[in-house]
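Enquirer: Handing you this structure, nothing more for now.
The values are calculated or read from the model by the stated rules, or taken from the named source; none is laboratory data. Computed from a prediction, not measured in an experiment: that's the story for all the values here. In this analysis, Cβ positions are derived from the backbone assuming ideal geometry, glycine residues included, and neighbour counts consider all displayed protein chains. Quick note on the areas: whole protein, heavy atoms, side chains included, nothing else; ligands and nucleic acids left out. Shrake-Rupley method; radii C 1.70, N 1.55, O 1.52, S 1.80 Å.
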Amino acid sequence: KPFLQRKASKRYNMDYVNAPGRNHLFVPGPVNIPESVLRAMSRNNEDYRSPAIPAMTKTLLEDVKKIFKTTSGTPFLIPTTGTGAWESALTNTLSPGDRTISFLIGQFSLLWIDQQQRLGFNVDVVESEWGRGADLEVLASKLAEDTAHTIKAVCMVHNETATGVTNNLAAVRKLLDHYNHPALFLVDGVSSICALDFRMDEWGIDVALTGSQKALSLPTGMGIVCASPKALEASKTAKSVRVFFDWKDYLKFYKMGTYWPYTPSIQLLYGLRAALDLLFEEGLDNVIARHSRLAKATRLAVEAWGLKNCTQKEEWLSDTVTAVVVPPYIDSAEIVRRGWQRYNLSLGLGLNKVAGKVFRIGHLGNLNELQLLGCLAGVEMILKDVGYPVKLGSGVAAACAFFQNTIPMIESRI
């Protein structure tokens with residue numbers, strides 16, 4: 001083609017994933033979407049006020065409670081992202097000026113803190129070194145001192161995606177109970193729910209939330225929030241301004257049996273139905289065990305490469321993402337660039353304080369062991385490309401040895 005024609009063609013062709021085979025998606029969200037979910041979403045629009053959509057919504061709301069492990073919680077399916085779900089959790093339960101305790105341990109906890117501050121709350125920030133979990137000793141001392149109960153909420157990111165750190169939610173509940181403190185317990189479960197052990201009722205969590213694009217393996221666009229009876233009671237007196245995210249509007253339509261105060265994404269609802277069916281068919285306990293296997297194999301590979309995990313203690317290790325620390329002479333962003341440009345492999349960048357220092361391997365959602373081995377093989381070649389003296393096959397071999405002894409038979413095929 002003539003030069004100008006080629007230039008125009010290039011300008012308008014935005015599909016850069018034009019390579020043989022599939023893109024190997026190993027960022028910690030958005031994740032791979034199962035074929036059955038894609039097929040379920042491939043449908044025309046419908047009238048959401050017809051009997052069909054409310055009937056499906058009713059079953060979705062009941063089934064969503066199972067992924068939070070709650071019988072008493074009230075779920076809300078909001079057409080938004082995790083950030084919108086955060087805002088919904090905060091504005092429905094708190095008033096401007098309320099004191100919150102929030103733990104800064106990475107980029108996503110930082111963003112939630114920023115949101116709390118911009119919404120006008122008095123945020124008591126407890127900061128830890130990136131790679132460490134929330135400092136529960138500081139929380140204990142603050143709860144002990146707060147005899148006037150000025151703390152209205154404790155806000156925690158369950159799984160900090162930037163550093164691969166998972167916090168102990170049960171320990172937080174134990175502290176709140178020990179000091180007989182009435183503060184609400186708000187939890188970001190965006191990269192944990194449907195992949196890590198999560199027990200809303202048992203751990204006394206008042207608001208939990210997740211996003212559709214993580215372990216649910218859906219497209220981005222649905223924020224799922226679940227509120228305890230205590231949180232619903234708090235929402236009656238909370239004075240934060242809210243319109244789009246107001247639970248009151250949802251509850252009104254729940255009572256009417258039509259469920260939607262505004263137009264939902266019909267396609268995402270059908271996708272959610274298919275995604276939940278897949279999770280329940282596999283069994284939530286099996287899903288959690290699968291994520292644990294994938295994470296353990298990834299960590300064994302990292303160790304075989306002679307590299308370090310960003311997470312500093314075993315008790316904080318995440319089963320949904322591994323942040324790998326690179327030597328100081330390597331820019332981790334180059335590893336991510338090279339993976340995409342040469343191997344059609346998408347890895348997670350290091351963010352903020354760990355930019356250039358770590359790259360992230362996401363191992364969550366609709367993913368199996370052989371897919372992960374492909375990713376690990378790609379990482380080994382990239383490390384060699386950027387000048388790191390990795391022994392090719394070392395990490396893959398370590399992961400294979402682990403998998404060969406731990407992968408269960410596929411139940412339906414026995």
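Enquirer: Need the C-alpha centroid separation for the stretch 303-348 versus the stretch 391-414, integer Å.
Expert: 21
Enquirer: V154's amide H: which non-local residues (gap 5+, or another chain) put their own amide H closer than 5 Å, with H modeled 1.01 Å from N in plane and none for Pro or chain starts?
Expert: Amide H to amide H, under 5 Å and 5 or more residues apart or across chains, V154 pairs with I101, L184, F185, L186.
Enquirer: Roughly how big is the stretch 201-291's charge dipole about its Cα centre, with Cβ charges of +1 (Lys, Arg) and -1 (Asp, Glu), in debye to the nearest 20?
Expert: 520
Enquirer: Still on this model: Not counting ligands, DNA or RNA, and with a 1.4 Å probe, what is F121's accessible surface area in Å² rounded to the nearest 10?
Expert: 10
Enquirer: Taking K and R as +1 and D and E as -1, what net charge do the other residues with C-beta under 15 Å from the C-beta of K58 add up to?
Expert: Around K58, the charge tally is +3.
Enquirer: Only four residue types carry charge here, +1 at the Cβ of Lys and Arg and -1 at the Cβ of Asp and Glu. Report the dipole size of the stretch 306-384 about the Cα centre in Debye, rounded to the nearest 20.
Expert: Charge dipole, the stretch 306-384, about its Cα centre: 340 debye, nearest 20.
Enquirer: Also: For the chain, what is the charge dipole size about the Cα centre, in debye to the nearest 20, if Lys and Arg each add +1 at the Cβ and Asp and Glu each add -1 at the Cβ?
Expert: 1360
Enquirer: Have a look at P219, P28, P328 and tell me which one the Gaussian network model of the chain (Cα, springs below 10 Å) gives the largest fluctuation.
Expert: P328
Enquirer: With a sphere of radius 14 Å drawn around the Cβ of P327, what net charge do the other residues whose Cβ falls strictly inside it have (Lys, Arg +1; Asp, Glu -1)?
Expert: Summing Lys and Arg as +1 and Asp and Glu as -1 gives +1.
Enquirer: Pop out the ³J(HN,Hα) list for the stretch 124-129 in order, Karplus 6.51 cos²θ - 1.76 cosθ + 1.60 with θ = phi - 60°, rounded to Hz; leave Gly and Pro as x.
Expert: 8, 8, 10, 9, 10, 4
Enquirer: Quick one: among Q117, Q107, Q404, which has the greatest mean-square fluctuation in a GNM of the chain with alpha-carbon springs under 10 angstrom?
Expert: Q404
Enquirer: Could you rank T71, T161 by how accessible they are, 1.4 Å probe, largest area first?
Expert: Details: T71 115, T161 10 Å².
Descending accessible area places them as T71, T161.
Enquirer: Choose one of V225, M200, F245: the residue whose Cα lies farthest towards the positive end of the charge dipole of the stretch 182-248 (beta-carbon charges +1 Lys, Arg; -1 Asp, Glu; about the Cα centre).
Expert: Checking the options against the dipole of the stretch 182-248, the answer is F245.
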